[in-house]
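The values are calculated or read from the model by the stated rules, or taken from the named source; none is laboratory data. This structure is a prediction, so every number in the text was calculated from the model and none was measured. We place every Cβ from the backbone using ideal geometry, glycine too, and count neighbours over all the protein chains shown. The accessibility values were calculated without ligands, DNA or RNA, using every heavy atom of the protein model including side chains. Shrake-Rupley method; radii C 1.70, N 1.55, O 1.52, S 1.80 Å.
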Amino acid sequence: MWYQKGEKGRTYIGRIPFRGDLLENIQEFAAREKISCARVEAIGAVEKAVISYYNQDKRVYEDRHFDEHLEIMGCLGNLSLRDGKPAAHLHITLGDSEGSLKGGHLQKGTVVFAGEFVIEEIVGPELHREYDPDTGLPLWKKDS
Ligand code: ZN
């Protein structure tokens, strides 16, 4: 286990635009505000969603496309740097009209109907994502 200690930085609260892409809007906002490390949460509703499941045996993300109106019950994750740019890693739980849930790793293509977010900056840590050979995932790499 390794970790880095940070301090609370700026806190942002706001809306994702109607028909905006959930992941892209958060990443573009972080780049604009020069946020390199943060915790992120969002709620609201989407017109359609693309979420994925990481197949650990095949080491690939398997995308699932939901072309239906869904509630964002919760969207949680973080922001750190990947190739020098803010990259959001977000997981989302979506509820359908029956109240059933589906969820996974948020991908581009998730179109917001209404979305409210909170971003809490963490000042101090320099977290960079790099390819991890054990998992095949872009994980945080400890600076040596
Ligand atoms: Zn994930």
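Among the residues of this structure, residue 76 counts as one that is in contact with a strand residue (DSSP E or B) (Cβ under 6 Å, 6 or more places away or on another chain), under 16 Å from residue 116 (Cα atoms) and surrounded by fewer than 16 Cβ atoms within 10 Å (Cβ to Cβ).
Within region 80-104, the residues that satisfy the criterion of being open to solvent by less than 30 Å² (accessible area, probe 1.4 Å) and either within 13 Å of the ligand (Cβ to nearest atom) or not in a strand (DSSP E or B) (or both) are 80, 87, 88, 90, 92, 104. Just to be sure I understand the filter: pairs with C-beta atoms under 8 Å, separated by 6 or more residues or on different chains, first member in region 108-135 and touching a residue at least 24 places away in the same chain (Cβ under 8 Å) and within 18 Å of residue 3 (Cβ to Cβ), second member among the β-branched types (Val, Ile, Thr) and open to solvent by 90 Å² or more (accessible area, probe 1.4 Å). Which pairs pass? As it stands, the answer is 120/11; 121/11, since those pairs meet every condition given. For region 41-57, residues that are within 22 Å of residue 135 (Cβ to Cβ) and open to solvent by less than 40 Å² (accessible area, probe 1.4 Å) total 5. No other residue among 60, 112, 118 is loosely packed, with under 15 Cβ neighbours inside 10 Å, within 18 Å of residue 40 (Cα to Cα) and not basic (Lys, Arg) apart from 118.
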